[in-house]
1. Among the candidates 282, 289, which residue alone is surrounded by fewer than 23 Cβ atoms within 10 Å (Cβ to Cβ), free of Cβ contacts under 8 Å to residues at least 40 places away in the same chain and more than 23 Å from residue 347 (Cβ to Cβ)?
2. Looking only at the stretch 237-258, count every residue that is part of a loop (DSSP other than H, G, I, E, B) and within 22 Å of residue 328 (Cβ to Cβ) and tell me the total.
3. Name the single residue that is nearest to residue 57 (Cα to Cα) among those in the stretch 195-211 being within 11 Å of the ligand (Cβ to nearest atom) and out of contact with any strand residue (DSSP E or B) (no Cβ under 6 Å at 6 or more places or on another chain).
4. Test of understanding: among 216, 188, 192, 222, which residue is modelled with pLDDT of 95 or more, touching a strand residue (DSSP E or B) at 6+ places or on another chain (Cβ under 7 Å) and within 16 Å of the ligand (Cβ to nearest atom)?
5. If residue 266 meets every condition in (1) under 30 Å from residue 123 (Cα atoms); (2) away from the ligand (no atom under 16 Å from the Cβ) apart from one, which number is that one?
6. Has the stretch 100-115 got any residue that is closer than 16 Å to residue 189 by Cα and within 14 Å of the ligand (Cβ to nearest atom)?
7. Of the residues that sit in the stretch 225-234 and are surrounded by fewer than 24 Cβ atoms within 10 Å (Cβ to Cβ) and not in a loop (DSSP other than H, G, I, E, B), which one is farthest from the ligand (Cβ to nearest atom)?
8. Report yes if some residue within the stretch 134-154 is within 16 Å of the ligand (Cβ to nearest atom) and either surrounded by 15 or more Cβ atoms within 10 Å (Cβ to Cβ) or farther than 18 Å from residue 77 by Cα (or both); otherwise report no.
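The values are calculated or read from the model by the stated rules, or taken from the named source; none is laboratory data. A quick note: this is a predicted structure, and the numbers were derived from the prediction, not measured. Here the Cβ positions follow ideal geometry from the backbone for every residue, glycine too, while neighbour counts run over all protein chains shown.
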Ligand SMILES: *Cc1c(COP(=O)(O)O)cnc(C)c1O
């Protein structure tokens, strides 16, 4: 028998969450953001579940080409565009849309002798200071693209640094609107946090990611409060039970000490499966459907959990690390990270199964 750990992907939840994004984004079209193997959910599986999206957004050319083969005619956006001149013919052949974020990419287009992409989104750096053309150079770059030999449809794009935080989007949005004023083209500015918190700013193409997978972009507002459902549930089982006496310590470095007799369960899930190694004692774990807590240090292949709340627990009892019944956002917060990282870190060694429709 294989180790009992499984990641269950609920295609119905993906479709449901996409429908929520659509409703929130009102008349906007939706790129389903599927970078990082669809946030760990499996690129092709997620694309199939979310085929009602208007388009898919990914990072890798290979991912885009694989999607194209299964989804002819669907707009596919490469969020970092292309990296070298040889990519241009691939983009053209597969009718892929590229983000242009740097003048070097425009130079590659200008120097291209063969086929080139016919559709791009020109990204403006409005304050994130990661990718994008400086606002004062934006119009000139746009005009250079209009002069390319391949007629190119140009969209306008920016990305907000703090749509989920206290700073919000106002300054960046104002800069984008000021420097894009009078330039024609569809606009795309909204990640999940913007779709959920600033629906007035969504423009023509929304770009939600985390909300599709049932995670909340906000530290202070749950995914469930938006009607989102978890799309990934990580489960395993208790594989051993230990009875501790007062003073007994648990795991590497003995970071947890029992203050009274207690039982703990050993769960087949560790950091090599993608469980966050820094999760401290107290991180919630669902044991036999009962909320319990991590004790002791996370090891490579195992964690240990308090069985006080489940006195009858034996080996074989099911455990949920996150997902249905235990929001990934809560586990992530306890471990000092975000659900994005938990999902993306799911290790290749974890078998993935589709959850039957619920
Ligand atoms: C990842 C990403 C998104 C999606 O962000 P979420 O917070 O997951 O909704 C949107 N746009 C760009 C440019 C991204 O890199």
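1. 289
2. 0
3. Top of the filtered list is 208.
4. 188
5. Residue 266 satisfies all of (1) under 30 Å from residue 123 (Cα atoms); (2) away from the ligand (no atom under 16 Å from the Cβ) except (1).
6. yes
7. So the residue we want is 233.
8. Within the stretch 134-154, the first condition is being within 16 Å of the ligand (Cβ to nearest atom), and the residues that meet it are none.
The answer is no; no qualifying residue exists.
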